[in-house]
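Here is the structure we will look at.
None of the figures in this text is laboratory data; all of them are computed from the coordinates on show. Bear in mind that the values here come from a model prediction, so they are computed numbers and not experimental data. Note: ideal-geometry Cβ built from the backbone for every residue, glycine included; neighbour counts use all protein chains shown.
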Amino acid sequence: MGFRAIWVAYTTLVTKEVRRFMRIWPQTLLPPAITMALYFVIFGNLIGSRIGEMGGYRYMEFIVPGLIMMSVITNSYSNVASSFFSTKFQHSIEELLVSPVPNWTILAGYVTGGVARGLAVGLIVTLLALFFSDLRVQHLALTVAMVVLTAVLFSLGGFLNALFARTFDDVSIVPTFVLTPLTYLGGVFYSIALLPEVWQKLSMANPILYMVNAFRYGILGVSDIPVGAAFAMVVGFILVMFSVALYVLNRGIGIRH
Amino acid sequence: MAAALSIRELRKTYKNGMEALKGISLDVEEGDFFALLGPNGAGKSTTLGIVSSLVNKSSGSVRIFGHDLDTQLAQAKMCLGVVPQEFNFNQFEKVYDILETQAGFYGIAAPKARDTIERLLHELGLWDKRHVQARTLSGGMKRRLMIARALVHHPKLLILDEPTAGVDVELRRSMWKFMQDINRAGTTIILTTHYLEEAEALCRNIAIIDGGTILENTSKRDLLRKLHLETFLLDVREPLAQVPDLKGVTARLTQEGNLEVDIQAGQTLNQVFGELTQLGIEVTSMRAKSNRLEELFLSLTE
């Protein structure tokens, strides 16, 4: 396939993916908006007003970047995991496998679809946050770069999950038992400076902590960790996971007999 | 000129140790209407799965119009259209979108694909359903949708894996005509079917596979010549009370008093009719008792 044909195939796949999550918006876009609005009201307003300041900011302002990032992480991951697993389950993956689309284009198409959903939800949550706090972005380019890279990373994670999944349970295990705990313990609701030293050190092994803090630094200008290290880690993870996903696709693991 | 499909020493052993293909070799010439027949579990789907890149082969080679699947995969895939046995489209997508998406996967942008999609939807009787979700289609319509999808990029080789399974007689006949038309227009077709009358009516060459091995691979005419015995039912004007004495022919009476005769290879029906005329027995109609290909198929695979 020439470059032009590959571009057509890529945009076709992305269009299909975006059309899918837009078609089922009550399942994909509405729930995170409602959940995050509740977080803002309960944690930010009601409880946050009694907590006072954190990291030099009102509690509401402190948790907004973390909650935006949390919605981006969960939605980019679950979009690719559920969409790709559904195509396996319905065997419509065969439409792609019999076609000449290169595997890297298939991977790029699904990841872009996941990024699109993650960013769409992130934008909705950001707009909601404006009702509760006065968001002033300190470093716009850094903020956008971190949220896009994070969406790419978790879209790749969702793709790998779906590749190996055999049942719908397999698709929900990682988000429930790995992603959610790591996100809640990833500094969304608190600064790790509040933790005892041993827990601070343990928290440093949580990759989501780096992403949340780098994103928070972009918006508020404060972070518990060096921002450069966060970018290096995210880019490193993306390269590793892209390579693994492509290798698995090329071998046909999980998709060919 | 390269064969439409050339398979050499193709082997497939699944992870559970099941040897589905034991080194089959097969050629399908360009323009052919070719039947690949075999009982369930014979290796048909595995063969077609490997050709379609849905199954990894263990060893051997496959070439589609000269393009090797190992070294020229994209070129080989561009030549191939596949209509699988099971419905394998997203049931929630609209009919037109499914075709447009498939064209996109072959690098054909939506505006360029429009004319082909509209023509296929008209020819396959799906035009009125173009804006409905695929899940709302009847079984026959879903089969036709898969045929339209497989043709959207103008493949030179079309694989049809039991395309008429579960469709009514009228629709089956119209699908036969459609397949014959696209074959006449130059598309090579490989068909698998459990309706052996379908293979007999449509195909010029036939391969029979069983236990992962090709048992027969020849023209339909040569294959049918191998039949040693064929049974005909002769309806007679006046029901017979006893079997007439026909020289060299085994005959039986049916419950209705009609005649059932076995014709050996080399014998002709003229001889039978001549003797019946001499005996004053009038034959009003005649039909073969069973599908000839079916008999041969059973004798080879039993």
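List of remarks:
- Axis of helix B:292-301 versus longest Cα principal axis of chain B: the two differ by about 70°, to the nearest ten degrees.
- Amide H partners (placed H, <5 Å) of residue A:54, local residues excluded: A:59
- Per-residue mean of foreign Cβ neighbours for A:101-113 is 1 (Cβ atoms of other chains, 10 Å radius).
- Across every pair of non-identical alpha carbons in chain A, the mean reciprocal distance, once inverted, gives a Kirkwood radius of 18.9 Å.
- Taking every Cα-Cα distance in chain B and sorting them into 20 Å bins from zero, the calculated P(r) comes out as 29, 47, 21, 3 percent.
- Between helix B:269-278 and chain B: long-axis angle, C-alpha atoms, 0 to 90°, nearest 10: 30
- C-alpha center-to-center spacing [the range B:1-57, the range A:180-257] in angstrom: 47
- For the pair the range A:147-161 and the range B:152-186, the centres of their Cα atoms are 42 angstrom apart.
- Alpha-carbon Debye profile of the protein assembly as shown, log10 I(q)/I(0) at 0.10, 0.12 Å⁻¹: -0.90, -1.11
- Relative contact order (%) - criterion: Cα under 8 Å, at least six apart; region: chain B: 20
- Highest-fluctuation residue, A:220, A:67, A:239 considered, GNM on chain A with Cα pairs under 10 Å: A:239
- The angle between the Cα long axis of helix A:103-129 and the longest principal axis of the Cα atoms of chain A comes to about 30 degrees, rounded to the nearest 10.
- For residue B:129, a cut-off of 24 angstrom between C-alpha atoms picks up these lysines, skipping any fewer than 8 places away in its own chain: A:16, B:94, B:112, B:142, B:177.
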